[in-house]
Amino acid sequence: MKRPKKLIKAIFAAFVMALFAQPVQAQDRVDEFGIFDHMSVGLTLGTTGVGLDLAAPVTDYLQVRAGYNFFSGFKYSEDVDYRAKGKPKRGKTKAEGTNYMGTGHLLLDVYPFPAYTFHVTTGFYLGTDEVVKLENTSPVKDFEPGEGIVIGDHIVGFDADGYAHGVIKVNKFRPYVGIGFGRSVPRKRFGVSGDFGVQFWGKPKVYEKQTGMDLEVKKEDLGDDSNKYYDVISKFSVWPVVTLRLTYRIF
């Protein structure tokens, strides 16, 4: 849990420093924006990963941006038991959980006071529904019918190749609301902006992948030791967004 906190603190510090450290450029300044008469490219870093996007103004009050965020995950692994339901364990295998949350986005920045860079942002993110994947890192060769890795009281069964697969899913389409400072298309040639908001990705659900189907794992399928983790996962219905964007106005 320390890495995300450090990342957020570093982004916020860099954002504040950049706001006060931007050079004054009298030349090549845009005083008034028209409909798609300028364009910028931006590099973003934050809780959505590393991203690239393009932005254009509509008026002094509105700018639009679209892009993609690369977020390839944190990994966690541990040894888990495998057995059939109601039978003693037959051995251990290493299971690894990874998360991937690469997303595209389309966002509208509304500037209620055009003389200032404060903005309200709305739009959406779109990505894969499988944000966390769990599977054993090497196949179990000698498994018997009905066996799988043990998660609480639930058995995640092996496929024909000796792998067990579990996933946590959220909505592919994720509305976004946030606030920020800075312009997606800066008046000067270079700019810095930051955003703070949330993606609404719905209630996460746990699934077991079997023979081409995804079978939902219910809370009652798990034992008491795992119920508390299930409760935490199911309540995490939004993803916090904190980003820093470095911008270059192309024209």
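With just the Cα atoms defining each centre, how far is the stretch 33-103 from the stretch 161-216? Give it in Å.
Between the Cα centres of the stretch 33-103 and the stretch 161-216 lies a distance of 6 Å.
Arrange the residues Asp79, Asp159 by how much accessible surface each exposes, largest first, with a 1.4 angstrom probe.
Numbers: Asp79 90, Asp159 50 Å².
Ranked list, largest accessible area first: Asp79, Asp159.
How much of the accessible area of the stretch 31-183, in percent, comes from carbon and sulfur atoms when a 1.4 Å probe is used?
On the way: 4890 of 7700 Å².
Looking at the stretch 31-183 in its full context, I get 63 percent from C and S.
Can you list residues from other chains, or at least 5 along the same chain, whose modelled amide H is less than 5 Å from the amide H of Ala164?
Asn136, Asp159
So what does Ile250 come to for accessible area, using a 1.4 Å probe and Å² rounded to 10?
80 Å²
In nm, give the distance between the simple-model label positions of Leu246 and Asp159, each being 7 Å from the Cα along the Cα-to-Cβ direction.
With each label point 7 Å from Cα toward Cβ, the separation is 4.0 nm.
Counting only residues 5 or more places away or on other chains, whose amide H sits under 5 Å from the amide H of Val30 once H atoms are built in the peptide plane?
Residues meeting the criterion, in which the H sits 1.01 Å from N, are Lys188.
Cut-off under 19 Å on the C-alpha distance; same-chain residues fewer than 8 positions from Lys203 excluded. Which aspartates and glutamates are left, in chain and number order?
Cross-link targets: Asp129, Glu130, Asp214, Glu216, Glu220, Asp221, Asp231.
In the neighborhood of Met39, defined by Cβ-to-Cβ distances under 15 Å, what is the net charge if each Lys or Arg adds +1 and each Asp or Glu adds -1?
Working: positive: Arg65, Arg183, Arg187, Lys188, Arg189, Arg245, Arg249; negative: Asp28, Asp37, Asp53, Asp109.
Charge balance near Met39 sits at +3.
Would you list Trp239, Trp201 from the most to the least accessible area, probe 1.4 Å? Display every interim value, and only then the final one.
On the way: Trp239 50, Trp201 10 Å².
So the residues, ranked largest to smallest area, are Trp239, Trp201.
What is the set of long-range amide H partners of Thr117 at a cut-off below 5 Å, with H atoms built 1.01 Å from backbone N?
Gly182
Taking a probe of 1.4 Å, how large is the accessible area per residue of the stretch 69-150, in Å²? Spell out each step's value before the answer.
On the way: 4610 Å² over 82 residues.
Per-residue value: 56 Å².
Listed here are the pairs Lys85/Lys218; Lys92/Lys205; Lys133/Lys209; Lys141/Lys218; Lys94/Lys141; Lys94/Lys218; which of them are more than 21 Å apart at the Cα?
Details: Lys85/Lys218 16 Å; Lys92/Lys205 26 Å; Lys133/Lys209 10 Å; Lys141/Lys218 28 Å; Lys94/Lys141 13 Å; Lys94/Lys218 24 Å.
Result: Lys92/Lys205; Lys141/Lys218; Lys94/Lys218 exceed 21 Å.
Which chymotrypsin sites (Phe, Trp or Tyr not before Pro) in the stretch 42-97 sit in a loop by DSSP (not H, G, I, E or B) and have at most 13 other Cβ atoms within 10 Å of their own Cβ? Kindly include the intermediate steps, with their values, before the conclusion.
Values: sites: Tyr61, Tyr68, Phe70, Phe71, Phe74, Tyr76, Tyr82; in loops: Tyr61, Phe71.
Passing both the DSSP loop test and the Cβ count: no residue.
How large is the accessible surface of Ser72 in square angstrom, using a 1.4 angstrom probe and rounding to the nearest 10?
The accessible area comes out at roughly 100 Å².
The values are calculated or read from the model by the stated rules, or taken from the named source; none is laboratory data. Everything numeric here is computed off the predicted structure, so don't read it as measured data. Ideal geometry is used to build each Cβ from the backbone, glycine not excepted, and the neighbour counts take in all protein chains shown. Accessible surface is based on the protein model in full, side chains and every heavy atom, while ligands, DNA and RNA are left aside. Shrake-Rupley method; radii C 1.70, N 1.55, O 1.52, S 1.80 Å.
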